[in-house]
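Beneath this line is the structure, given in structure tokens, with notes to follow.
The values are calculated or read from the model by the stated rules, or taken from the named source; none is laboratory data. Note that the structure is a prediction, hence the values are computed from the model and not measured. Neighbour counts are summed over all protein chains in view; Cβ atoms, including those assigned to glycine, are modelled from backbone coordinates with ideal geometry. The protein model used for the area step is the full one, side chains on, heavy atoms only, and it has no ligands, DNA or RNA in it. Shrake-Rupley method; radii C 1.70, N 1.55, O 1.52, S 1.80 Å.
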Amino acid sequence: MAWVQKQGLLKHISVAANGGLWGVNAGDEIFYSNGLQDDWTKIDGLLKQVEVGAGGHVYGVNANNEIFLREGIGAGNPTGNDWRKLDGLLKFVSVGNQGQIWGCNEENEIFYRAAPDAEWQKVSGKLKQVNISSCGHVYGVNHNDEIYQRVGVTPSNPIGDSWQKQSGKLVHISTFPGGVYGVNASDNIYFKNHGDDSWTQMDGLMTQIHVGPAGHVWGVNAQDEIWFRE
């Protein structure tokens, strides 16, 4: 396995179940690509972070922490039509396979929303970043880079019961059915299987990493270069 570079520069990247990519650059411009060999298409709007879920739902937040949903996305229109603003303020969002949203605000308070038209529910604890996988695993990291997993998450109890501390320290985390990836404050990359206590360091350096439901691993480094794990 090796890292392969894709053209372009992004500060944040997210990968869909079909391998489609959403990302934002240092100027908060938004881009979409069908994959490694495809060119980038510029999307209207400005966001500091964008996330695509397993069901194709795309959410993002802008420099004012306003939250947006991309509407009109379908099989024949992967980039959708326009952005719909939602109520609330978050600095980071993550999207589940049914369009459910987890997010954190500037005070590191955690929120959950079952659907675009549902109400926000405050979740116990404090995290600076949170991520939900396509099968419902929820992980996050706090201001001390400590790692937590949400336990008790089920379809009938989507916000779970409590946070369980994990080993290690990370600044950013991404989970999928096969395990968990993350990067630490030194940009080192780590992986572990669900249920394991120890992390395995991988080659390379990344500031942010995202793994899709099918196991596609993408990341960006300190130079905003874009990399795919073959």
- Here region 167-212 gives, from Cα atoms, an Rg and Dmax in Å of 9.6, 26
- Taking a threshold of 23 Å on the Cα-Cα distance, which of the pairs Lys11/Lys169; Lys128/Lys192; Lys48/Lys85; Lys122/Lys192; Lys48/Lys126; Lys42/Lys169 fall above it? Lys122/Lys192; Lys42/Lys169
- Message: With θ taken as phi - 60° and the coefficients 6.51, -1.76 and 1.60, list the Karplus ³J(HN,Hα) couplings across region 8-23 in order, rounded to whole Hz; mark glycine and proline as x.
- Response: x, 9, 9, 9, 8, 9, 9, 10, 8, 4, 8, x, x, 10, 10, x
- Query: Counting pairs of alpha carbon atoms under 8 Å apart in space and at least six apart in sequence, what relative contact order in percent does region 1-84 give?
  - Reply: 20
- Only Cα pairs under 8 Å and at least 6 apart count here; give the relative contact order of the chain as a rounded whole percent. 17
- Message: Out of the total accessible area of region 58-103 (probe 1.4 Å, heavy atoms of protein only), what percent is carbon and sulfur?
- Response: 43
- Estimated vicinal HN-Hα couplings, Hz - region 76-92 in sequence order (Karplus 6.51, -1.76, 1.60; Gly, Pro = x): x, 9, x, 9, x, 10, 7, 9, 10, 7, 9, 6, x, 9, 9, 9, 8
- Please identify the GluC sites (Glu not before Pro) of region 79-178 that satisfy two criteria: DSSP loop assignment and at most 13 other Cβ atoms within 10 Å. Which are they? Glu106, Glu107, Glu119
- Note on the structure: Relative contact order in percent for region 90-156 (Cα pairs under 8 Å, 6+ apart) equals 25
- For the chain, the per residue accessible area (1.4 Å probe, Å²) is 42
- The Rg/Rh figure for region 54-115, Cα atoms and Kirkwood Rh, to two decimals is 0.98
- Along region 215-221, what does the Karplus equation 6.51 cos²θ - 1.76 cosθ + 1.60 (θ = phi - 60°) give for ³J(HN,Hα), rounded to whole Hz, x for Gly and Pro? x, 5, 10, 10, x, 10, 9
- Query: Using every alpha carbon pair in the chain, what percent of pairs falls into each 5 Å bin from 0 up to the bin containing the largest distance?
  - Reply: 1, 7, 16, 21, 22, 18, 10, 5, 1
- Keeping the other protein chains in place, figure out the carbon and sulfur percent of the accessible area of region 120-176, with a 1.4 Å probe. 49
